[in-house]
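FYI, it's all coordinate maths here, none of it is from the lab. Computed from a predicted model, the values in this text were never measured in an experiment. Cβ atoms come from the backbone with ideal geometry, glycine included; neighbour counts cover every protein chain shown.
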């Protein structure tokens, strides 16, 4: 029998609902239960593919090709399970399904209403994910905060489910307890108000996760218990931590897993010691020797602030690989536009142990990235290109080694005769029809790896599957000249003979992939290519 746990946020967004859900999932899985997690986004977008990464954060891609919220990446990393399109629900998807069903007489002539038909569609999707995964526990994160109009229908779905299966459903509220500097005291009133908003939606939380800068003390626990109608044991302290991977261990200090199981009348299937997780956290805390990685991108500047959520999977993959060598990752954000305006700044790249150029879209900052790649190639700095980072590496090599001075990508100049990166014919049709959402090459595709390459050494396999999110490919018309001058095509998609991985001979580490390896990295199982990259970066330090 499947149990359901809804998680909603109070007071403010951005307080870590996603990693909290992931942490709860890790705890329950450590007790021997099958776990899956669903993210509900209140956006009218059908999926996250058309969203601006600066506003929304990273677009995570599942194995089956769904462009979704970055929280699904956190779920996968913590519970070590591949999720699918069933694990992502948006307002757009729900309304689209209801309208299509109505058009096909799926409601038998009834008047279709927002309530109950929209919440019923949400419930239908939640239960479908539960059946497909055969999960003992389904964790459902409701995006936004309580009291918002946008997520009221999802709260209504939770209320309807709880009414029909009260013994198999819990509701957890995550609320922030501020500690105003001028007051010097942790305040519970915002949490009390959040609970009242939830009560107005017909829901009483079973547990409260109390987020704050410091651990919750007994007086605050008692106060929340009295005014929010929950027992003191069900108020879980969730203070800020240096690493998100400490979160499940922190929750277990308040015996959160035990409290959840008792509410469902369950016993652990095995002892939940999380030995591998404790070992990981110990390495994170004790790693001293740094490895300095520069990320050259353009999706992290917003006004006077640097937002790193656009590249969260890359950041985590760097960390996973660094910790596997007991290194302390130090990540630096380098604006590609700065290198366009002032090429003299490129000399500063020598300060880093390795450089990554990640994926992206559009022409802004492209020439700065190409200059970065050329500098790394010439100065033997370990370079790792991801998606666009591979395409630009091909362009740079074509221009400066192969003598194709006008080499470019059809994305930036469709009329250029030397487009070493071009759009596939099927993608060209979609572009002409202005069909952008969910139409790229998405999800898992096979890659055959050439023996004797860095990539083959990393994977220890000739056939692998990796996740994609792109529309443009290496133009095979230029492949022979690229290979003659020193590019190694280390990986190809065998079905369509598409270039998946390139390397450069005689370089300590110059590897670039058309796919996104960062999506498959796990804290206790770093991605092979990221491991080899960090290994090369560590060797550079010793020279």
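For the stretch 231-375, the alpha carbon convex hull comes to 167 Å³ per residue, rounded to a whole number. Computed on the stretch 30-116, the Cα convex hull volume stands at 132 Å³ per residue. The candidate values are (i) -0.49, -0.82, -1.00; (ii) -0.44, -0.71, -0.86; (iii) -0.58, -0.79, -0.89; the one derived from this structure for log10 I(q)/I(0) by the Debye sum over Cα atoms at q = 0.07, 0.09, 0.10 Å⁻¹ carries the label (ii).
Kindly state, to the nearest 0.05, the FRET efficiency for residue 12 paired with residue 333, given R0 = 25 Å and r defined as their beta-carbon distance.
Working: r = 25 Å, r/R0 = 0.99.
E between residue 12 and residue 333, to the nearest 0.05, is 0.50.
FRET efficiency for the residue 183 to residue 241 pair, using the beta carbon distance and R₀ = 22 Å, is estimated at 0.40.
Protection proxy ranking of 120-127, 99-106, 267-274, by the mean of other Cβ atoms within 10 Å over each peptide's residues and highest first, is 120-127, 267-274, 99-106.
Histogrammed with a bin width of 5 Å, the alpha carbon distances of the stretch 182-315 distribute as 2, 8, 13, 14, 15, 14, 14, 11, 6, 3, 0 percent, first bin at zero. Spin-label model, residue 44/residue 541: points 7 Å from Cα along the beta carbon direction are separated by 5.1 nm.
The stretch 262-291 and the stretch 501-543 have Cα centres lying 27 Å from one another.
Taking the inverse of the mean reciprocal distance over all distinct Cα pairs, the Kirkwood hydrodynamic radius of the stretch 288-542 comes to 18.3 Å. Remark: 315, 502 ranked as 315, 502, counting other beta-carbon atoms within 10 Å and listing the fewest first.
The stretch 3-279: percent of C-alpha pairs farther apart than 36 Å? List each step's numbers first, then the result.
Numbers: 4644 of 38226 pairs.
Distances greater than 36 Å cover 12 percent of the Cα pairs.
A straight chain from residue 401 to residue 253 at 0.36 nm per residue would run longer than the Cα-Cα distance by 47.5 nm. Summarising the label geometry, the points placed 7 Å from Cα in the beta-carbon direction at residue 105 and residue 477 lie 5.2 nm from one another.
At 222 nm, what value in deg cm²/dmol follows for the chain if DSSP H runs of at least 4 each add -39500 (n - 2.57) and the sum is divided by all its residues, to the nearest 500? Write down the numbers at each step before the final one.
On the way: 19 runs with 204 residues, N = 543.
-11500 deg cm²/dmol, from helical runs alone.
Exposure proxy shown here: for 6, 33, the number of other Cβ atoms within 10 Å sets the order, fewest to most, as 33, 6.
How would you rank 69, 82, going from fewest to most other Cβ atoms within 10 Å of each one's own Cβ?
Working: 69 26, 82 13.
Fewest-to-most Cβ neighbours within 10 Å comes out as 82, 69.
Starting with the highest mean, order 340-350, 322-332, 203-213 by the number of other Cβ atoms within 10 Å, averaged over the residues of each peptide. Intermediate results must be reported in sequence, preceding the final value.
Details: 340-350: 13.3, 322-332: 18.3, 203-213: 21.4.
Result, highest mean Cβ count within 10 Å first: 203-213, 322-332, 340-350.
Among rounded, prolate and oblate, which fits the stretch 306-353 when a ≥ b ≥ c are the square roots of the eigenvalues of its C-alpha gyration tensor, a/c under 1.5 means rounded, and a/b larger than b/c means prolate?
Note, shape of the stretch 306-353 comes out oblate.
Among beta bridges identified by DSSP and lying wholly in the chain, the antiparallel ones come to about 35 percent.
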